[in-house]
Amino acid sequence: MPDLGLNVLFKGKNLARLLGGLGVALKISLLSVVISIVLGIVVGLLMTWKNPISRALMRCYLEIVRIMPQMVLLFLVYFGTTRIFGWNLSGETSSVIVFSFWGAAEMGDLVRGALISIPRHQYESAAALGLSGGQTYRYIVLPQTVRRLIPLSMNLITRMIKTTSLVLMIGVVEVLKVSQQIIEANRMSSPNAAFGVYLTVFALYFFACWPISLLAGFLEKRWR
Amino acid sequence: MLTLQIGVLGILASIAIGIVCTMIQYFKVPFVRKAVSVYVEISRNTPLLIQLFFIYYGLPKIGIRTNPYACGVAGLAFLGGSYMTEAFRSGIEAVDRVQTESAASLGLSGIQILRYVIFPQALTISFPAFMANVIFLLKETSVFSAISLMDLMFTAKDLIGLYYQTTESLFLLVVFYLLILLPVSVLGSIIERRMRYAGFGS
């Protein structure tokens with residue numbers, strides 16, 4: 001049985017530091033999730049609006065976000081805009097900006113899909129029953145949309161949590177950075193630390209995302 | 001263009017993994033089926049970056065040597081395989097049970113049912129998801145610079161370091177990603193439209 005380097009975890013405050021790193025990652029993703037849900041609803045409504053200009057704009061926005069890798073977006077915001085506009089962004093702020101920018105587009109598309117999937121006759125029957133526009137949205141459209149939306153947006157949330165691992169590249173000290181530090185610090189005493197520490201990080205991410213995916217799958221089945 | 005090369009290799013590998021895993025689930029092979037679903041859960045719920053770090057830095061410590069190139073392809077295939085499995089599986093599940101039953105009552109064998117009845121329909125249904133996965137995987141290749149592969153991202157960083165012309169390098173980076181991904185995206189939506197006509201005649 002070779003030394004797997006798991007013992008490094010129990011030295012000092014290593015485990016607590018790793019969890020703290022995960023906390024930073026989760027904090028960034030939570031902030032961006034909240035922002036992107038709010039913005040995403042607006043974007044989604046704009047997408048279904050019958051105004052060609054706003055639709056074309058939103059379509060462009062979505063395509064840009066779809067096609068650019070998040071990593072490139074992060075670099076653009078962190079290195080690009082700071083140079084061009086001369087302001088000073090911390091790594092965390094720029095990652096929140098990027099993830100919200102990305103999440104709002106994806107969320108907007110989900111909202112649009114959910115709104116479109118409500119059949120026309122639902123609106124028409126609501127009108128026939130004498131409900132006003134606001135009432136139609138409140139009692140007919142929203143409950144159905146939200147049901148379709150929640151499982152999908154939970155999948156998006158897990159994707160955002162996973163993508164936060166990228167912020168390491170722009171110098172935010174999150175879980176992966178912490179694990180690199182731990183490995184460096186223990187290079188002499190336990191050379192195999194890389195295996196154990198990365199395995200732990202792997203497991204941490206898995207247990208952060210797995211419950212959310214499970215819940216999403218469960219809700220999807222239940223509400224079908 | 002190392003980015004493209006790894007991307008294509010990784011995607012081909014992940015399609016292969018996806019097909020094998022879907023077949024295993026479709027034919028309900030005992031035990032292996034459980035292993036497949038565990039694999040899908042694990043790789044879907046962890047980021048590619050972590051998987052790469054684990055493969056590249058972690059595995060050599062227990063005696064498995066890899067070079068960054070093979071490691072990149074393996075990581076992409078590991079992640080992509082599960083996404084492809086999901087896409088194909090949802091396609092197969094969406095084909096109505098009636099189809100299988102009527103095919104069986106026409107006297108087709110199990111393989112024939114799959115070949116002539118299920119597969120064409122499932123392909124059409126799962127195509128949009130499949131295309132989205134291809135684009136997703138190509139985008140994920142940008143992560144590889146983390147394990148010191150000379151991909152687009154890494155080259156861009158290198159150029160910034162060399163010439164200190166951040167804006168120009170970043171602009172080129174964006175243009176090159178557009179060059180790679182825009183054709184794929186457009187091609188995907190064209191094929192998707194054609195297949196929809198072919199599938200349902202509407």
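Take the residues in the stretch A:137-156 that are farther than 15 Å from A:L45 by Cβ and of a type in the set (A, V, I, L, M); name whichever of them is surrounded by the fewest Cβ atoms within 10 Å (Cβ to Cβ).
A:I150
Might you check whether a residue that is under 24 Å from the mean Cα position of the chain (by Cα) and farther than 28 Å from A:M71 by Cα occurs anywhere in the stretch A:185-205?
No, the stretch A:185-205 has no match at all.
Identify all residues within the stretch A:77-91 that are surrounded by fewer than 22 Cβ atoms within 10 Å (Cβ to Cβ) and within 16 Å of A:T164 (Cα to Cα); write none if there are none. Spell out the reasoning first.
Here is the first cut: in the stretch A:77-91, the ones surrounded by fewer than 22 Cβ atoms within 10 Å (Cβ to Cβ) are A:77, A:79-91.
If the condition is that a residue be surrounded by fewer than 22 Cβ atoms within 10 Å (Cβ to Cβ) and within 16 Å of A:T164 (Cα to Cα), then A:V77, A:S90, A:G91 are the ones that fit.
Rundown of residues vs (1) surrounded by fewer than 23 Cβ atoms within 10 Å (Cβ to Cβ); (2) among the β-branched types (V, I, T), yes/no style:
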| residue | (1), (2) |
| --- | --- |
| B:L9 | yes, no |
| B:L12 | yes, no |
| B:Q25 | yes, no |
| B:F31 | yes, no |
| B:K34 | yes, no |
| B:Y39 | yes, no |
| B:S43 | yes, no |
| B:F53 | no, no |
| B:T85 | no, yes |
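Please indicate, with yes or no, whether at least one residue in the stretch A:166-180 is within 14 Å of chain B (Cβ to nearest Cβ), part of a loop (DSSP other than H, G, I, E, B) and not aliphatic (A, V, I, L, M).
Kept after step one, since they are within 14 Å of chain B (Cβ to nearest Cβ), are these residues of the stretch A:166-180: A:166-172, A:174-180.
Then drop every residue that is not part of a loop (DSSP other than H, G, I, E, B), which leaves A:171-172, A:174.
Checking which are not aliphatic (A, V, I, L, M) leaves us with A:171, A:174.
Within the stretch A:166-180, one or more residues are within 14 Å of chain B (Cβ to nearest Cβ), part of a loop (DSSP other than H, G, I, E, B) and not aliphatic (A, V, I, L, M).
If I go through the stretch A:84-106 residue by residue, how many of them are under 23 Å from A:A56 (Cα atoms), touching a Ser or Thr at 6+ places or on another chain (Cβ under 6 Å) and away from chain B (no Cβ under 14 Å)?
3
Kindly check whether there is at least one residue in the stretch B:61-76 that is modelled with pLDDT under 85, polar (S, T, N, Q) and in contact with a Leu (Cβ under 8 Å, 6 or more places away or on another chain).
yes
For the stretch A:189-215: of the residues being facing chain B (nearest Cβ under 9 Å) and of a type in the set (S, T, N, Q), which is surrounded by the fewest Cβ atoms within 10 Å (Cβ to Cβ)?
Result: A:S213.
Regarding the stretch A:99-112, can at least one residue be identified that is part of a helix (DSSP H, G or I), of a type outside the set (A, V, I, L, M) and over 19 Å from A:R159 (Cβ atoms)?
Scanning the stretch A:99-112 turns up no residue that is part of a helix (DSSP H, G or I), of a type outside the set (A, V, I, L, M) and over 19 Å from A:R159 (Cβ atoms).
Taking the options A:V33, A:V43, A:V72, name whichever one is part of a helix (DSSP H, G or I), within 15 Å of the chain's Cα centre (by Cα) and not charged (D, E, K, R).
Only one candidate qualifies: A:V33.
Listed here are the residues, each with its yes/no results for (1) within 19 Å of B:L12 (Cβ to Cβ); (2) more than 14 Å from every other protein chain (Cβ to nearest Cβ); (3) assigned to a helix (DSSP H, G or I).
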site	(1), (2), (3)
B:C71	yes, no, yes
B:F78	yes, no, yes
B:G81	yes, yes, yes
B:T85	yes, yes, yes
B:V98	no, yes, yes
B:G107	no, yes, no
B:Q112	no, yes, yes
B:Q121	no, yes, yes
B:S126	yes, yes, yes
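When the stretch B:101-122 is examined, which residues are found to be surrounded by 16 or more Cβ atoms within 10 Å (Cβ to Cβ) and of a type in the set (A, V, I, L, M)?
Matches in the stretch B:101-122: B:A103, B:L108, B:I113, B:L114, B:V117, B:I118, B:A122.
Given the options A:I67, A:I116, A:I53, name the one that is surrounded by fewer than 22 Cβ atoms within 10 Å (Cβ to Cβ), in contact with a helix residue (DSSP H, G or I) (Cβ under 9 Å, 6 or more places away or on another chain) and without any contact (Cβ under 8 Å) to a residue 24 or more places away in the chain.
After ruling out the rest, the residue left standing is A:I67.
How about the stretch B:1-57: which helices (runs of 4 or more DSSP H) wholly inside it have at least 3 residues that are among the hydroxyl-bearing types (S, T, Y)?
B:2-26, B:32-44
The values are calculated or read from the model by the stated rules, or taken from the named source; none is laboratory data. What you see is a predicted model; the values in this text were computed from it and never measured. Reconstructed Cβ throughout: ideal geometry from the backbone, glycine too, with neighbour counts over all protein chains shown.
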